[in-house]
Every structure is written in structure tokens, then in C-alpha cells.
1. Could you order Cys187, Cys156 by accessible surface area, starting with the largest, using a probe radius of 1.4 Å?
2. Please give, to one decimal in nm, the separation of the simple spin-label points placed at Met258 and Asp78, each 7 Å out from Cα toward the Cβ.
3. Accessible area, 1.4 Å probe, largest first: how do Thr264, Thr75, Thr147, Thr129 sort?
4. Restricting to DSSP H runs of at least four residues, report the calculated mean residue ellipticity at 222 nm for the chain, -39500 (n - 2.57) per run over all residues, nearest 500 deg cm²/dmol.
5. Can you check what the net charge comes to around Ala122, using other residues whose Cβ is under 14 Å from the Cβ of Ala122 (Lys, Arg +1; Asp, Glu -1)?
6. Would you mind counting up the charge near Asp37? Only other residues with Cβ under 9 Å from its Cβ, with Lys and Arg at +1 and Asp and Glu at -1.
7. Using a 1.4 angstrom probe, figure out how much accessible area region 118-191 has per residue, in square angstrom, rounded to the nearest whole.
8. How far is helix 7-21 tilted, in degrees, relative to the longest principal axis of the Cα atoms in the chain, given as a value from 0 to 90 rounded to the nearest 10?
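The values are calculated or read from the model by the stated rules, or taken from the named source; none is laboratory data. Quantities reported herein were computed from a predicted structural model and do not represent experimental measurements. Here Cβ is always computed from backbone atoms with ideal geometry, including for glycine, and neighbour counts include all displayed protein chains. These area figures cover heavy atoms from the full protein model, side chains too; ligands, DNA and RNA do not enter into them. Shrake-Rupley method; radii C 1.70, N 1.55, O 1.52, S 1.80 Å.
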Amino acid sequence: MVAHADDVALFVGGTVAAWVDAGWRVVVVRVTDDRWDSVGSDEASTAAANRSEFEQAATILGVDDIVELGYPTDTLGDVSTVALRERIIHAVRTYRPYALVSFDPYAMYGEDNLDHVVVARAVDEAFWTSQFDLHHPEHFDEASAHTGERLAPHGCFERWYFGRRVVDVTDVVDISATLDRKVAAGCCHPTMMRNFFNQLRLQADTGGWRLPVVEEALVSGDVSAVLSSMLRAGSEGVGTKYGVGAAEEFRVVTFGGMQRLLDTLGERI
């Protein structure tokens, strides 16, 4: 569950591809429509381009389905977290996932995107409220668009958290075999990445710097070479910490953080 179209590829693209290769079915919920994430374009064209590029990236990674919540981008700070949480609960009850994957609400160091923060909090609370039959019982009159069965309370077994910096890393995924697909998926987002590069240009200019490679990419309109280099360097840098070619880091919580209870009293079915 992500805020923006490029979050999947940039943060967890290699892991998503690895999960798909292992036979897992991956569904992505995008909360916003990214209608303002461009430079030199209009709102409608931006939203359409980012949707199309999101779908292309998802295809490369092997994502099975996309759920669009359609909130205006960069406005989630003014959105009711309870209302957003209800939409996430509905998705959980529709798809009945083994695990929820989203931003880590407790590792927001350096996180200046409020959309990320709000989504993190809403997903974290939806993890447990999706199990309550008194939370949104109106859902139970609906049939799942996925299974055709009536919606019902659902408990996810794991939560996988990612972020700009994962402070308490519990799991590292070796993405050496899927790095090329992560990079290819990231490069499916030229609209958003040109805007990102323009932000870098503006900041550098204010500080009295130039970024020639960024400026050249903006003039040509092709940001893929620079972006590919950045994505590879970032993933390979994480991999170096763990002795693998490339990696992505996560904080994983199993069974609501009560694994010891499960180990002591549980039995496999």
C-alpha cells in the first residue's frame, strides 16, 4: 500500500519482483492520483500519464492487480485518517492478504512527504481494525470483487515496513536477480522523475551549484540513464552491507509482534 505511483518501484521493486517469481500474488493499493507530480504539464495530462506509467511499471514487476483510491496527491495531511483507514480496511477484506506492505510509521527519519506519513499510519491501524466485526459492518453486505464471497473480518499475518531509512532492520531481501526489473520499473516513471530532477535543479541553483548531468537529462527529456545509475547505486550500496549484490531492507512484524505466543501455544494447521 503506497501513496504514489513510483513508490513501489523505487522502494520495493526488487522485492516485489522476487515475490512474484516465488509464486506470490501481489496487489498494490495506490492512495493518491499524482495529479500534480510533473513539470511543464497540466493536471489532467499529469494524472493520466502517471497512471499509465504506473501500470507499465506494475506489469514489469509482475503485479497482479492495482487498487486506486484516487485521493488528490500531496493533500493527505488534510484527509481524515479514519476515512482513509476505512478504504484500506475494505481492500484488506476484499483481497485477504497474507501480509501488508507499506511505509514504516515508526521510522520516519528524513521523511518530508506527508502523504507517506499519513498512509503509514492509516495502514498500520487498518492492520488490526480490519479484524473487528464492529468496524464498518456495512462491508459485510458486499461481495468481494476478488473472490465473489461476502466480505468478512480478516487478519493479516505479517507487516513489511519500508522507508527512506529503515531504522530497525529485521529482514533483508537479496534482489541481485531482480535488480534489472526494479530499474526498468523505476524508469517507467519519466513524468514523476523529470519533476524530481527539476526539484534537484532548483535546490542546487539556490545553493550556487550546477548538476550538469541532471540539466542535460531535463533538456533531453530522457532521465533514464541518470535514474538507472542512481537506483543501481542505491540498491548495490545496501547489498554491500550484507554481502550480496543488491538488496532492500525491511522491518517485519509477524503475528502482531507476538511471535513468542505463537511459538509457545500454537500448532501448525
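1. Result of the area sort, largest leading: Cys187, Cys156.
2. The two pseudo-label positions are separated by 4.1 nm.
3. Working: Thr264 100, Thr75 40, Thr147 65, Thr129 0 Å².
Per-residue accessible area, sorted high to low, gives Thr264, Thr147, Thr75, Thr129.
4. -15000 deg cm²/dmol, from helical runs alone.
5. So the surrounding residues net to -1.
6. My count for the surroundings of Asp37 gives -2.
7. Working: 3570 Å² over 74 residues.
With all protein chains present, region 118-191 gives 48 Å² per residue.
8. 60
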